[in-house]
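Heads up, the thing below is written out as structure tokens.
The values are calculated or read from the model by the stated rules, or taken from the named source; none is laboratory data. Computed from a predicted model, the values in this text were never measured in an experiment. Note that we place each Cβ from the backbone using ideal geometry, even for glycine, and neighbour counts take in every protein chain shown.
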Amino acid sequence: MVAQGYARKYGQRLLGLLLVTTAPNHRFLEDAKEIVKENGTPEQIEICEKLWNGDFQTDEELDLFYAQMGSFYSVREQKEGKAKRPKVRRNYRALNQGFGGFMREMDFTESNRSITVPTLVIAGAHDWITPPKANEAVAESIPTATYVLFENSSHRVMSDEYERFMRVVKTFVQTATTEER
């Protein structure tokens, strides 16, 4: 989502754009809420309220969120029965600002139409937070986009299907950086 905002403002500086498990606008939130409501445990539904409201108060609450929701993020981890917190340390305040603030009104749908560089949009077929239809909408909003769906992935596409992910991204980068502009 940040990359779409960057492209809107500084698109002339880009050779290509890689968008992984994202959305063009705030509508993804309602879909994500519905997925949790239909598939989550009562505890998962409850902890997600903190996410939707941008209301985490401590790192410990965020740790609890990832402990309870971790299986939603990765198909591989679901199969292994091991849910892990992301290796990247997330800041609960930044997450609160996103979900409690700009994500509620964000809409890059129209401005994405001005993106002219090669763009790759990658989605996980089982992604709960930015479902495939949100990623499809991103690809549809960018005239130069190529959309790739990873059938055995959720939100953590790179860890779910690492080898394929790396092949697809490497091919895209090589192509995008060698094309005549």
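Quick look at the values:
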{"read-out": "Enumeration of residues in the range 10-63 that are of a type in the set (Phe, Trp, Tyr) and either without any contact (Cβ under 8 Å) to a residue 12 or more places away in the chain or within 30 Å of Ala145 (Cα to Cα) (or both)", "value": "Tyr10, Phe28, Trp52"}
{"read-out": "The listed residue being in contact with a helix residue (DSSP H, G or I) (Cβ under 6 Å, 6 or more places away or on another chain) and either at pLDDT 75 or above or loosely packed, with under 13 Cβ neighbours inside 10 Å (or both), out of Leu95, Leu120", "value": "Leu120"}
{"read-out": "Given (1) over 19 Å from Lys9 (Cβ atoms); (2) acidic (Asp, Glu); (3) surrounded by fewer than 18 Cβ atoms within 10 Å (Cβ to Cβ), number of the condition Glu110 does not satisfy", "value": "(1)"}
{"read-out": "Which numbered condition Thr144 fails, given (1) closer than 26 Å to Gly70 by Cβ; (2) touching a strand residue (DSSP E or B) at 6+ places or on another chain (Cβ under 6 Å)", "value": "(1)"}
{"read-out": "Extreme residue, surrounded by the fewest Cβ atoms within 10 Å (Cβ to Cβ), among residues of the range 23-46 that are within 16 Å of Phe102 (Cβ to Cβ) and in contact with a helix residue (DSSP H, G or I) (Cβ under 6 Å, 6 or more places away or on another chain)", "value": "His26"}
{"read-out": "Within the range 129-157, tally of residues that are assigned to a loop (DSSP other than H, G, I, E, B), surrounded by fewer than 20 Cβ atoms within 10 Å (Cβ to Cβ) and of a type in the set (A, V, I, L, M, F, W, C)", "value": "0"}
{"read-out": "Filter result for Ala23 (touching a strand residue (DSSP E or B) at 6+ places or on another chain (Cβ under 8 Å) and under 27 Å from Lys170 (Cβ atoms))", "value": "no"}
